[in-house]
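Notes follow once the structure below has been shown.
The values are calculated or read from the model by the stated rules, or taken from the named source; none is laboratory data. In this text the structure is predicted, and so the values were computed from the model without any measurement. Don't worry about glycine lacking a Cβ; one is built from the backbone with ideal geometry, like all the others, and counts go over all protein chains shown.
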Amino acid sequence: MTPDDVRQLHARLREQIGKVIVGQDEVVEQILTCVFCKGHGLLVGVPGLAKTLLISTIARTLSLDFSRVQFTPDLMPSDITGTEVIEEDKSTGQRSLRFVRGPIFANVVLADEINRTPPKTQAALLESMQERQVTVGGVRHELPSPFFVLATQNPLEQEGTYPLPEAQLDRFMYQVLIQYPTADDELEVMRRISTKDEETLEPVLDGPGIEAIQKLVRHVPVADHVMRYALRLVRATRVNEAEAKANPIPVVRDYVAWGAGPRASENLILAAQGRALLAGESHVTPDHIREVALPVLRHRVLTNFNAEADQVGTDDIIAGLLDTVSVEASDDRESAQMNEVIRH
């Protein structure tokens, strides 16, 4: 598969998805980037914005098995991963344990309202998301490939919810914010509902095709100065580190309690490679880093009390970073340090 093939497939995917989903172009682009970068996505938006429909539509166009898990306070880990049951052979009377697979054994798993269930059940996804396997009774069960967790979260209703632990948030490559549709898009939705039957979608890709694109993403060239730029963006968020204290960025110094970890650096580069490939460009540029900075960093930067008091969100902080941090290092010493880090 060549980059030209990927660009054509991407255009066909967008065409098929557009038969069902009106607007939300940037949201669709971000989810497809997650899929082709072998990452997971957390979708945040109020009810009624077609989050479930969007995910199931993408699964259909990619010819992938789709599974939906509604997270509730009484959901148990075994309800997700599966459980062992005693099975009796009626002819011999012998009993044995048989593993019954849970809904996690699908290519695309929708974890609907993931913050509605306690941390014990949320943690059942950790091994699946990181290792792409499930361990039950000391036996490892490989998950199908490709495998993606796309979780949804309602930002409004916080009564009876359990915020995701930072370790689990960090496993999501992107946090995607879904906004209300424009007036024109909402009018188009109303017209489709009142005049059209359900659209028939044509599958564009399959599992092996997706895996081929995932391998191709990692071969998109990234110049050293682009890597340095991504690295400096992430390290600038670490307010307690010596580097940040020596050259403080006001928006970080005033409003950040804890900065992004190494996964942020990795995901910035990987997401930028995916963005460049889908756009049909031959290499990663600083503009690609800026395009993916918000969804990669917004759930990895923890704000302090001052931010809450001044109503400053993580998106505001990241926007301030992008305005302040230049593409090239500010002095020769910093440039030499970044080059040394990249070489090793």
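If you check Thr81, Thr117, which single one turns out to be within 18 Å of Pro155 (Cα to Cα) and polar (S, T, N, Q)?
Working: Thr81 fails: within 18 Å of Pro155 (Cα to Cα).
So the residue among Thr81, Thr117 that is within 18 Å of Pro155 (Cα to Cα) and polar (S, T, N, Q) is Thr117.
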Of those in region 48-84 that are closer than 21 Å to Gln175 by Cβ and small (Gly, Ala, Ser), the residue farthest from the chain's Cα centre (by Cα) is Gly48
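So which helices (runs of 4 or more DSSP H) stay within region 154-240 end to end and still have 3 or more residues that are in contact (Cβ under 8 Å) with a residue 60 or more places away in the chain? Can you show your working first?
On the way: elements: 166-169, 183-195, 207-217, 224-235.
Where helices (runs of 4 or more DSSP H) fall fully within region 154-240 and carry at least 3 residues being in contact (Cβ under 8 Å) with a residue 60 or more places away in the chain, they are 183-195, 207-217, 224-235.
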Candidates Glu84, Glu131, Glu88, Glu127, filtered to the one that is in the same structural domain as Val44 (by TED's automatic domain parsing), among the acidic types (Asp, Glu) and touching a Gly at 6+ places or on another chain (Cβ under 6 Å):
Glu84
Select, from Glu202, Glu266, Glu281, the only residue that is over 21 Å from Ser326 (Cβ atoms) and assigned by TED's automatic domain parsing to the domain that holds Asp65.
Glu202
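Say whether the condition of being outside the structural domain of Tyr174 (by TED's automatic domain parsing) and free of Cβ contacts under 8 Å to residues at least 12 places away in the same chain is met by at least one residue in region 246-255. Steps first, answer last, please.
The initial filter retains those residues of region 246-255 that are outside the structural domain of Tyr174 (by TED's automatic domain parsing), namely 246-255.
Subset that is free of Cβ contacts under 8 Å to residues at least 12 places away in the same chain: 246, 248.
Yes, that holds for at least one residue.
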Here are some residues: Phe105, Phe71, Phe99. Which one is surrounded by 14 or more Cβ atoms within 10 Å (Cβ to Cβ), in contact (Cβ under 8 Å) with a residue 12 or more places away in the chain and in contact with a Lys or Arg (Cβ under 9 Å, 6 or more places away or on another chain)?
Phe71
Top-ranked residue in region 114-153 [being of a type in the set (Ser, Thr, Tyr) and touching a residue at least 12 places away in the same chain (Cβ under 8 Å); ranked as nearest to Phe36 (Cα to Cα)]:
Ser145
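Would you confirm whether or not region 54-65 contains a residue that is closer than 20 Å to Pro155 by Cβ and either loosely packed, with under 14 Cβ neighbours inside 10 Å or touching a strand residue (DSSP E or B) at 6+ places or on another chain (Cβ under 6 Å) (or both)?
Initial filter on region 54-65 (closer than 20 Å to Pro155 by Cβ): 54-55.
Imposing the further condition that a residue be either loosely packed, with under 14 Cβ neighbours inside 10 Å or touching a strand residue (DSSP E or B) at 6+ places or on another chain (Cβ under 6 Å) (or both) reduces the set to 55.
Yes, that holds for at least one residue.
Restricting attention to region 34-53, which residues are without any contact (Cβ under 8 Å) to a residue 24 or more places away in the chain and crowded, with 23+ Cβ neighbours inside 10 Å?
First, the residues of region 34-53 that are without any contact (Cβ under 8 Å) to a residue 24 or more places away in the chain: 48.
Result: no residue meets the conditions.
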Checked Arg253, Arg263 against criteria (surrounded by fewer than 18 Cβ atoms within 10 Å (Cβ to Cβ), modelled with pLDDT of 90 or more and not in a loop (DSSP other than H, G, I, E, B)); the one match is Arg263
Consider Asp184 carefully, then state whether it is among the acidic types (Asp, Glu), surrounded by fewer than 16 Cβ atoms within 10 Å (Cβ to Cβ) and assigned by TED's automatic domain parsing to the domain that holds Gln30.
yes
Within region 214-222, is there a residue that is more than 20 Å from the chain's Cα centre (by Cα) and of a type in the set (Lys, Arg)?
no
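Could you look through region 198-232, keep only residues that are of a type in the set (Asp, Glu) and closer than 19 Å to Cys37 by Cα, and pick out the one that is surrounded by the fewest Cβ atoms within 10 Å (Cβ to Cβ)?
Just the residues of region 198-232 that are of a type in the set (Asp, Glu), to begin with: 198-199, 202, 206, 211, 224.
If we keep only those that are closer than 19 Å to Cys37 by Cα too, we end up with 206, 211.
On the way: Asp206: 12, Glu211: 15.
Restricting to residues being of a type in the set (Asp, Glu) and closer than 19 Å to Cys37 by Cα, the top hit is Asp206.
Here are some residues: Leu49, Leu53. Which one is under 23 Å from Ala271 (Cβ atoms) and of a type in the set (A, V, I, L, M, F, W, C)? Talk me through it step by step, then tell me what you get.
On the way: Leu53 fails: under 23 Å from Ala271 (Cβ atoms).
The conditions single out Leu49.
Does region 96-104 contain at least one residue that is at negative phi, over 18 Å from the mean Cα position of the chain (by Cα) and modelled with pLDDT of 90 or more?
So in region 96-104, the residues at negative phi come out as 96-104.
Narrowing further to those that are over 18 Å from the mean Cα position of the chain (by Cα): 96-103.
Next, from what is left, pick out any that are modelled with pLDDT of 90 or more: 103.
Yes, that holds for at least one residue.
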